[in-house]
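See structure below.
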């Protein structure tokens with residue numbers, strides 16, 4: 001019992017120092033800080049969309065078609081006279097959901113499979129890792145396109161497509177960490193005390209994978225947002241009239257030379273959010289990688 | 001050494017089979033009958049039955065899969081529903097265009113990425129370093145379809161320097177190559193930088209400095225060769241990912257390549273064409289990764305001599 005208590009204390013100690021170090025290193029890393037601020041703005045825009053959007057994003061008004069950005073329409077209007085700023089604000093909801101949910105699902109799948117593969121080894125490991133190899137060998141965009149072809153274009157199916165593609169990377173990372181961790185004394189001790197396997201996986205191995213999972217999660221979000229935008233751009237993602245950033249670029253491209261803002265502005269939104277997540281992810285990685293810190 | 005190469009090649013066979021199986025299953029669990037979907041609803045049932053038999057769609061899915069593999073091994077990917085031409089011919093006609101695009105993008109990413117990475121190390125923590133690393137991060141964060149449109153607007157419409165799209169003269173390749181190669185250039189620059197920085201921390205670099213060599217000489221004569229190993233491997237992997245990533249670039253710039261075929265096949269629900277183009281691209285990617293592994297093996301004497 002005592003050593004289990006110790007292990008718990010140790011992991012608590014790890015957690016505390018982990019967050020303390022994180023905050024410390026973020027204070028020094030300006031790009032990560034800027035990234036976090038942008039993300040707070042992005043998330044508030046998504047949550048508060050109905051309150052801050054100046055117009056109804058779906059309101060068609062052909063008399064206001066292709067208005068240049070002005071005081072009345074800050075970012076202009078599109079081919080149906082819809083306010084682009086309002087559509088971008090509403091579109092942030094789709095991007096946020098697409099960024100978070102499929103990434104979370106694929107991380108859960110990847111973590112479970114990675115832990116199991118690394119801990120049990122042998123045949124289990126072999127089967128899971130070959131499956132991961134196959135998914136990784138598949139160009140992710142093509143795999144997502146095939147899934148969308150099969151299931152049809154809808155928001156839910158984008159979740160499935162992106163989750164199916166992204167779990168393998170997480171599984172690999174978690175597996176390789178589990179392989180190292182399971183040789184450690186605290187796992188050995190837990191085993192000798194007769195702690196059940198799933199408890200070891202959950203209480204002893206999983207917490208040690210959290211830092212890397214955090215980095216993977218942060219870097220996975222812009223990937224997922226980009227995948228949704230790309231699928232929507234190719235016409236197999238979110239369907240009109242929903243305000244998805246990728247779809248807005250796609251429909252705007254027909255009028256590129258006449259009203260460039262319709263296609264260009266939503267792309268800037270994608271760029272800013274993806275950049276912010278990448279800054280944050282890079283900052284996290286630097287903060288958590290003791291080797292790089294030196 | 002030959003043993004390693006043979007082993008590595010053999011180990012990619014199950015992956016290839018797994019990938020074909022995955023594509024096949026995914027494409028054949030589509031709700032609805034492909035023949036009905038293809039021919040609209042106003043066809044008499046007899047015709048549907050006949051066409052189904054013609055395409056072997058009435059056999060069990062396992063038999064269909066074996067047939068598919070057997071035919072694919074013979075270079076036969078079936079006949080396109082919509083275009084009524086052999087899928088293999090369509091793909092082989094389009095492949096040189098995709099290859100040309102991928103090679104141009106690759107050259108762009110090397111010519112820009114490697115010097116940018118080296119300069120960032122020479123001028124570490126300077127404005128140049130931040131500029132290059134910022135652009136590299138931009139490259140990763142920019143949606144390819146969007147940067148394509150942006151370039152079209154600036155260089156084709158506003159400045160009139162380059163053709164908007166098409167594939168009939170070499171100038172047409174410039175924008176697509178930049179768009180496709182930008183992200184790769186960023187990755188190469190970042191990798192060159194980090195790998196070079198790591199090598200610069202070694203003892204033999206300190207020795208070279210201690211004997212009075214200039215930074216530039218240390219860099220080019222001692223550090224670069226050793227830091228290139230991971231960079232070259234990533235380059236080989238990127239060639240493969242460019243072949244598949246060209247889907248969007250080809251769509252934006254109307255380049256008649258494999259990616260365009262795949263997108264059209266999805267839009268017209270042309271199953272054999274989609275299956276063929278995806279399989280073809282995936283095989284290329286797997287072969288590219290295999291080549292990357294072998295290259296790494298050949299370049300690193302530490303592995304080679306084992």
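Every read-out reported here was derived from the displayed coordinates using simple, explicitly stated rules and does not represent laboratory data. If you're wondering where the values come from, they're calculated on a predicted model, not measured in any experiment. For neighbour counting, all protein chains shown are included, and Cβ atoms are generated from backbone atoms with ideal geometry for every residue, glycine included.
Numerical summary
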read-out	value
Burial ranking of peptide ranges A:227-233, B:289-295, A:211-217 (average Cβ count within 10 Å, highest at the top)	A:227-233, A:211-217, B:289-295
Cα centroid of segment B:43-64 to Cα centroid of segment B:245-306, whole Å	31
Residue A:72 paired with residue A:59, simple spin-label distance in nm, labels 7 Å along Cα-to-beta-carbon	1.2
Principal axis dimensions, largest first and in whole angstrom, of segment A:136-271 by Cα	72, 30, 25
Relative contact order (%) - criterion: Cα under 8 Å, at least six apart; region: segment A:17-117	22
Sites residue B:11 and residue B:171 - FRET efficiency at Förster radius 41 Å, r taken between beta-carbons, to 0.05	0.40
Pair residue A:40, residue A:239: separation of 7 Å Cα→Cβ label points (nm)	4.0
P(r) of segment A:138-199 over all Cα-Cα pairs, binned every 5 Å from zero, in whole percent	4, 15, 17, 13, 10, 9, 9, 10, 9, 5, 1
Shielding by partners - mean other protein chain Cβ count within 10 Å, residues of B:154-160	1
Residue of B:160, B:186, B:78 that the Gaussian network model of chain B assigns the largest fluctuation, springs spanning Cα pairs under 10 Å	B:160
MRE, 222 nm, helices only [DSSP H, n ≥ 4, -39500 (n - 2.57), over chain A, to nearest 500]	-25000 deg cm²/dmol
Relative contact order of chain B, pairs being alpha-carbon contacts under 8 Å that are 6 or more residues apart, as %	24
Between segment B:115-158 and segment A:243-278, the alpha-carbon center distance in angstrom	18
Cα pair distances of segment B:182-267 binned at 5 Å [whole percent]	3, 13, 17, 14, 11, 10, 8, 7, 6, 5, 4, 2, 0, 0
Rounded to 10°, Cα long-axis angle of helix B:45-54 versus longest principal axis of chain B	50
Along each principal axis, Cα extent of chain B, largest first, Å	87, 57, 30
Whole-number D in µm²/s for segment B:133-240 (Stokes-Einstein; Kirkwood sum over Cα pairs; 37 °C, 0.692 mPa s)	201
Fully extended contour minus Cα-Cα distance, from residue A:19 to residue A:192, at 0.36 nm per residue	59.2 nm
Whole-number D in µm²/s for chain A (Stokes-Einstein; Kirkwood sum over Cα pairs; 37 °C, 0.692 mPa s)	155
Shielding score for A:141-153, defined as the mean number of other chain Cβ atoms within 10 Å	6
Fewest-first ranking of B:278, B:118, using other Cβ atoms within 10 Å as the exposure measure	B:118, B:278
Global geometry of the protein assembly as shown, whether rounded, prolate or oblate, following the gyration tensor of its Cα atoms and the 1.5 cut on a/c	rounded
Chain B, helix-only ellipticity at 222 nm - DSSP H runs n ≥ 4, -39,500 (n - 2.57), divided by all residues, nearest 500	-24500 deg cm²/dmol
Euclidean distance between Cα centres, segment A:85-106 to segment B:220-241, Å	36
Proxy reagent accessibility, fewest Cβ within 10 Å first, across A:88, A:264, A:225, A:37	A:37, A:264, A:88, A:225
Which of A:180, A:268 has the fewest Cβ neighbours within 10 Å, and the rest in rising order	A:180, A:268
Förster radius 41 Å - calculated FRET efficiency between residue B:283 and residue B:225, Cβ distance, rounded to 0.05	0.80
Within 10 Å of each Cβ in A:230-243, the average number of Cβ atoms from other chains	2
Choice from B:258, B:286, B:128 with maximal GNM fluctuation in chain B (Cα, 10 Å cutoff)	B:128
